[in-house]
1. Looking at (1) open to solvent by 10 Å² or more (accessible area, probe 1.4 Å); (2) assigned to a loop (DSSP other than H, G, I, E, B), which is the only condition A:P312 fails?
2. Evaluate segment A:256-269: report whether one residue or more is of a type in the set (V, I, T), free of Cβ contacts under 8 Å to residues at least 24 places away in the same chain and more than 26 Å from A:L311 (Cβ to Cβ).
3. Among the residues of segment B:335-347, are any over 21 Å from B:R272 (Cβ atoms), in a helix (DSSP H, G or I), under 17 Å from the mean Cα position of the chain (by Cα) and of a type in the set (D, E, K, R)?
4. Looking at segment B:163-189, which of its residues are closer than 16 Å to B:I294 by Cβ and part of a helix (DSSP H, G or I)?
5. Would it be correct to say that B:L172 is over 30 Å from B:V85 (Cβ atoms) and either basic (K, R) or buried (at least 20 other Cβ atoms within 10 Å of the Cβ) (or both)?
6. Given the conditions (1) within 14 Å of chain A (Cβ to nearest Cβ); (2) closer than 22 Å to A:G237 by Cα; (3) of a type in the set (A, V, I, L, M, F, W, C), and given that B:F236 satisfies all but one, which numbered condition is not satisfied?
7. Give the residue that is farthest from the other protein chains (Cβ to nearest Cβ), with candidates limited to residues of segment B:214-231 that are open to solvent by 40 Å² or more (accessible area, probe 1.4 Å) and out of contact with any Asp or Glu (no Cβ under 9 Å at 6 or more places or on another chain).
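The values are calculated or read from the model by the stated rules, or taken from the named source; none is laboratory data. Please read all numbers here as calculations on a predicted model, not as lab measurements. A quick note on method: Cβ atoms are made from the backbone with ideal geometry, for glycine too, and the neighbour counts reach across all protein chains shown. For the accessible areas, the whole protein counts, side chains as well, though only heavy atoms, and no ligand, DNA or RNA atoms are used. Shrake-Rupley method; radii C 1.70, N 1.55, O 1.52, S 1.80 Å.
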Protein chains: 2
Amino acid sequence: MNLSTSTTPLEHAHNPDAPLLLTMGDVCGIGPEIIAKAFQFIAAHGAVVVGDIGVMQRAAQALGGLQVVAVGNPMERIPVHCIPVWQVPNLPPDLLHIPYGQVDARAGFAAYACIKHAVSLVQNQQGRAIVTAPVHKAALAAAQVGFPGHTEMLQALATPAGATPPAVRMMLLNAELRTVLVTVHVSLRRAIEAITLEAVLETIKIAHQAALQMGIAQPRLAVAGLNPHAGEGGLFGEEEIQTILPAVQAAQALGIQASGPYAPDTVFMRARNTFDHPGEFDIVVAMTHDHGLIPVKYLGLAHGVNMTLGLPFVRTSPDHGTAFDLAGKGLADPSSLLAAIDMARSATKSR
Amino acid sequence: MNLSTSTTPLEHAHNPDAPLLLTMGDVCGIGPEIIAKAFQFIAAHGAVVVGDIGVMQRAAQALGGLQVVAVGNPMERIPVHCIPVWQVPNLPPDLLHIPYGQVDARAGFAAYACIKHAVSLVQNQQGRAIVTAPVHKAALAAAQVGFPGHTEMLQALATPAGATPPAVRMMLLNAELRTVLVTVHVSLRRAIEAITLEAVLETIKIAHQAALQMGIAQPRLAVAGLNPHAGEGGLFGEEEIQTILPAVQAAQALGIQASGPYAPDTVFMRARNTFDHPGEFDIVVAMTHDHGLIPVKYLGLAHGVNMTLGLPFVRTSPDHGTAFDLAGKGLADPSSLLAAIDMARSATKSR
């Protein structure tokens, strides 16, 4: 398994016999609950929680179902219908005393410590991929972790001292659609400035590599435009002519089956792949956060998965946050986490 | 019937006994064909084609079905299973000699003449609303019509000499979702500049008025943000704080049930109204062309309808173009036109 591109110097082979590593997330949110619920559907020996045994016991007891089992190493086989937990060392002792639904530095620190631990496990071949439950930005900030979210954290943790961090991109996908984003969490004004030939080409290359790793032999990549009607020949903006088309052509010159730029309003509809509507493309490269996320989310959050591309290992997550308002009530829906688990598993299966 | 807002000085009461007026569109495109096909599903006395009898006869004959009947006035009752056509005077005599699928000034002029004629009919209470088949921008330009498309043309034709043209907005809707756009056919850079408090507030008011006219007693309007996560409290852009929120508040002060700004990536999903997912909002006000159109089009073009708001009469159209590549082949799908007809009819029914 190798998600890196030519521009990504970091490579790891994953161990297909190792379990998926599920990081617990922020204990004030729905993370532990949806993980416990997910184990009602997945085989215990396929995944291990990287977190806190006490927190997971509370979550499991609330469901009245599965038993939590501490594992001595992630490869340990345990009975099915149990929740295997790898206790992360040196977590704050009072995690169970933090009320649900609030920003707490201890919860932020614990979430970070679990992720850091999971990265070292996957780097040591003791996990095949990482599936992360939601963290809370404000809690990470309160814990002075220094990373605003998962992506930046994983990018840094995956980089050996002195090495250049890999270029990473966010892929959002569900059963019908996959989209990879050129720009993410910046204002639309800044996003427009960030859409350079290099950024678009890098995104196309990362998306192509990811598609190959997902088992798509000849990935068909659609590159969306930025402007209405993809600029209507320059009438509604120059970015398609100046930047996006040259990036598509450069990708084609590398042998990548990329095409576009296409009108943003119809390219996702064309790529949509369902029983009665075979998609024209395997992945859509979208210029902005919302061009890509609006169609992925339109049919409902439950089945959306977030996948970070460009890391030296597979990382997926559900496409929702900590949902503080739902935490501790037993109402959280594990569907998106289950989809993320499925995706991580299929992206790392032996071929 | 009154689609105008406080800022729109033009008012017309529609005549609910008058038929819908279907303008023929560009004869080199699929317009005449989809109109002829639509009459297989609608009652003849509910709608009249404003166009050319010869062109409609050719379209009807190709289907091997309905008979074309020239009507002396739009209110004339004719047998069902016929296609009533009001012959627009002074059309080019050689419309039938123009090959399908090409830009032609005669076709452009004829398309314009039909629309102009339909406007005068609706203004004289001889039509209850206008449903337009597609025109081609280049053909209109070749005919030196002076308007790039339907919206500008209708806006000008609806304005008495010396009066201020009404503020108009595009609404796109299908069975699940309605969205009204603040900006349309400009580059994304220019769209960002065009998102002023006045433009957003005007759009909210027009959307509110339209919802009332569609029979929604207490319209719930969601206003989408411009930036990812609606700016995340100013971190990803200031437009939500500086412009959009004040516009929402100004609308609320007018008694309009508007809320937001909401994150663009989830607001359409939340507004989506289906059998098993009651929408949280009746209309989403979208800042850009593609934020609004991506979700409306995502499930397929066939059922999308375009409705021009702010005119002194109801005007709808299918959400597709002339489809020159399909013209004359009998393959065109009338679904979107039928949806546009349904929408025009329901927006003008007696209450």
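1. (1)
2. yes
3. yes
4. Scanning segment B:163-189 gives a single hit, B:L188.
5. Details: over 30 Å from B:V85 (Cβ atoms): no; either basic (K, R) or buried (at least 20 other Cβ atoms within 10 Å of the Cβ) (or both): yes.
Answer is no for this residue.
6. (2)
7. It comes out as B:A217.
For (1) small (G, A, S); (2) crowded, with 20+ Cβ neighbours inside 10 Å; (3) in contact (Cβ under 8 Å) with a residue 24 or more places away in the chain; (4) in contact with an Asp or Glu (Cβ under 9 Å, 6 or more places away or on another chain), each residue gets a yes or a no:
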| position | (1), (2), (3), (4) |
| --- | --- |
| B:P160 | no, no, yes, no |
| B:A163 | yes, no, yes, no |
| B:V180 | no, yes, yes, no |
| B:R189 | no, no, no, yes |
| B:Q209 | no, yes, yes, no |
| B:P246 | no, no, yes, no |
